[in-house]
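Structure first, then comments.
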Amino acid sequence: MPFIAYLSKRLIALIPTFIGITIISFMVMHLAPGEPIGVQADLNPKMTPEVRERLRALYGLDKPLYVQYWRWLDGLAHLDLGRSFAPDRAPVWNKIKERLPVTILINSLSLGLILLIAVPLGVASAVRQGGLFDKAVTILIFVFYAAPSFWVAIVLMLYLGVDLGWLPVSGLHSLMGYNALSPMQKVLDWTRHLLLPVAVSAMGGLAGLSRYVRSSMLEVLRQDYIMTARAKGLSEHAVIYRHALRNALLPLITILGLSVPGLIGGSVIFESIFAIPGIGQLMWSSVMSRDYPVLMGNLVIVSILTLLGNLLADIGYGLADPRIRTGRHG
Amino acid sequence: MGDKPEVKSTIPKSGRFAWWRSFTKNPLAVAGLLIVGCLIITAILAPVISPYDPQAINTWHILEPPSRAHLLGTDTLGRDCLSRLIYGVRISLLVGIVAVGLATAIGAALGAAAGYYGGMIDTLLMRFVDIMLCFPAIFLIMAVIAFLEPSILNIMVIIGLTGWMGVARLVRAEFMSLRERDFVLAAKLSGASDRRIIFSHILPNAVAPILVSATLGIGGAILTESALSFLGIGVQPPTPSWGNMLTQGKDNIEVAWWLSIFPGLAILIAVLGFNLLGEGLRDALDPRMKRD
């Protein structure tokens, strides 16, 4: 079972990384100037030194750091991330749980969109290396890569939403009359709302990935087996799509895994612009209101998501690469 | 340029300035250099070339569209957008250069230690890099900013502290490939200290890739700063930054398109300039790093 062995090796490698993530998240919260209860306490005029001490004891802040860390880690294991500082005092995990699906949905859709466009674009420019098409695509990609996504979002909102009135510019679905819609209309309504956010979040990754596909494809096209395939008289189509593409796309799986943090990071921007109730917007609002428990919960959950993304990429790579799947090398 | 007949040689030119010749043959790289040059000149001459004081509030001329008096219009406080845009260059360059300088220093130091000593030090440092890379940079930056004042200094330091991992990996790879080379062994045999070998013998050989990654990094740092300022947790008004100018643009999107269009274009051009320059340097300085 070489694949099982490969997989368990990957899983074991995750453990120290996971511990490191929790330590850094914890340190950000505790080594920063001021205490997590500081803001809460400073804003309360009735705060006396005794009450402050009681509050410190309540949050366990009077214990040594390693005890606090262990408690926090224990809480994390039960998805207990503490309670929000917001007036509703809601458990942090509930807030995250509500918003996670939205962010994952949009990021998956934009990952799909990226693949759908980047792969054909990269292959097409690799095949026409140095030609007019390749040069035009290269310049276009540079511009895409440099364009700030929040600006593109604003421009698209201005043009498609405000000037032409074609697309809604905020929220996940219409607020008025949404419940009266048929299921089909609801899907259409969601699609119309998600079109701009997904397009904007795909933009940056699209540029990077299609450039990557291009160079990976060029690399493969230089290999001896491609020359062999050509020499035995295969059509150019067969050479490129059957022999070259599959090998060129293999490293892409790893790159996709590595692009997860960037995509999730982008959520902060497009969710706050398009008023989408996802994890990015939660992060932004918790920074603005200094809601530290929510902030730290977000940080650790998002980095665990990244870790899972990397693991998925490793699994995908293992399944796609016959050398790992069967354990035969060479 | 001269009258002398040019002697065509088939032997590839080499020497100190070969990279410059190959750089100037690449139109995209030259475009990048021109853009970056213009940005630096604009930043230096900002007080001379901006038509108005970027902070001067003029309540008689609020939200005026571009005109001859205000080429890029005015904002919600009647300030001249062109002047604010010009002063914004200073912020973007300052943040980009300082943040990347810090990231490069940290990354080079840790990468050099990992690559030169290897073993346990290498394992630990690279594991640390893996862990840092699991945090989406903007989340980590936001988490730290929540505890600090969002001043320009803090923004620069935080972007630097969260952006050194790429450089560390790069420098480590260079050091691993260089540390077994004959000139390093020779230096060791002649009794040079580790410090001397790292800084005087190996590091100079790794300058080219570091320079390339720093140039590309400046573009990234400018984007990050503008995104943070746009979200209201970066450079704070009234200091003009392209990001916080865009916040105003977004809030007035239905009445004042010029507030949104120009700052965004400025960011795009600046980032494009550094990216083109970086890629151009990559192709010119080190053929091994060439992407295609």
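Each residue of region A:267-272 was assigned a 3J(HN,Hα) from its phi angle through the Karplus curve 6.51 cos²θ - 1.76 cosθ + 1.60 (θ = phi - 60°); the sequence is 4, 3, 6, 6, 5, 6 Hz, with glycine and proline shown as x. In degrees between 0 and 90, to the nearest 10, how far off the longest principal axis of chain A does helix A:132-146 point, with axes built from Cα atoms? On a 0 to 90 degree scale, this one is about 10.
Shielding of peptide A:259-271 by partners, expressed as the average count of other chain Cβ atoms within 10 Å per residue Cβ, is 4.
Within the listed set A:253, A:106, A:15, the residue fluctuating most in the Gaussian network model of chain A (springs between alpha-carbon atoms under 10 angstrom) is A:15. Other residues within the sphere of radius under 14 Å centred on the Cβ of residue B:169, judged by their own Cβ, net out at -1 (K and R +1, D and E -1).
Averaged over peptide A:299-308, the number of partner chain Cβ atoms lying within 10 Å of each residue's Cβ comes to 4.
Once neighbouring chains are kept in place and the probe is 1.4 Å, which whole percent of the accessible area of chain B is contributed by carbon and sulfur? For chain B, the apolar C and S fraction of the accessible surface comes to 65 percent.
Any idea what the dipole of chain B comes to, in debye rounded to 20, about its Cα centre with Lys/Arg Cβ at +1 and Asp/Glu Cβ at -1? That gives a dipole near 1060 debye. Within the full protein context, the accessible area of residue B:87 is estimated at about 50 Å² for a probe radius of 1.4 Å. Computed with every protein chain present, the accessible area of residue A:95 is close to 40 Å² [probe 1.4 Å]. Hey, how many Å between the Cα centroid of region B:51-128 and the Cα centroid of region B:224-242? Comparing the Cα centres of region B:51-128 and region B:224-242, I get a distance of 9 Å. What residues does region A:136-175 have that are buried by at least 30 Å² of accessible area in the full protein assembly compared to the chain on its own, 1.4 angstrom probe? By number: A:142, A:143, A:145, A:146, A:148, A:150, A:151, A:154, A:158, A:162.
Each Lys and Arg contributes +1 and each Asp and Glu -1, all at the Cβ; summed about the Cα centre of region B:70-140, the dipole is approximately 160 debye.
Solvent-accessible area per residue in region A:206-245 equals 54 Å², computed with a 1.4 angstrom probe and all protein chains kept. To the nearest ten degrees, helix A:279-288 and the longest principal axis of the Cα atoms of chain A are 40 degrees apart. Heavy atoms of chains B and A lose about 4400 Å² of accessible surface on contact, summed over both sides with a 1.4 Å probe. Please report the carbon-and-sulfur percent of the accessible area for region A:172-330; probe 1.4 Å, protein heavy atoms only, DNA, RNA and ligands left out. Looking at region A:172-330 in its full context, I get 64 percent from C and S.
Per-residue Karplus couplings for region A:149-165, computed as 6.51 cos²θ - 1.76 cosθ + 1.60 with θ equal to phi - 60°, are listed in order as 4, 5, 6, 4, 4, 5, 5, 5, 4, 4, 7, 7, x, 8, 5, 8, x Hz, Gly and Pro entered as x. Amide H contacts of residue A:83: A:92, each under 5 Å away and 5 or more positions distant or on a separate chain (H built 1.01 Å from N in the peptide plane; Pro and chain starts excluded). Label sites at residue B:265 and residue B:188, each approximated as a point 7 angstrom past Cα along Cα to Cβ, lie 5.8 nm apart.
Of the DSSP H helices in chain B, those that are both long (alpha-carbon extent of 18 Å or more along the helix axis) and hydrophobic (Kyte-Doolittle mean at least 0.0) are B:27-49, B:81-117, B:119-134, B:165-178, B:207-230, B:258-285.
The values are calculated or read from the model by the stated rules, or taken from the named source; none is laboratory data. As the structure is a computational prediction, the values presented were derived from the model and not from experiment. In this analysis, Cβ positions are derived from the backbone assuming ideal geometry, glycine residues included, and neighbour counts consider all displayed protein chains. These accessible areas exclude ligands, DNA and RNA; they are computed on the full protein's heavy atoms, side chains included. Shrake-Rupley method; radii C 1.70, N 1.55, O 1.52, S 1.80 Å.
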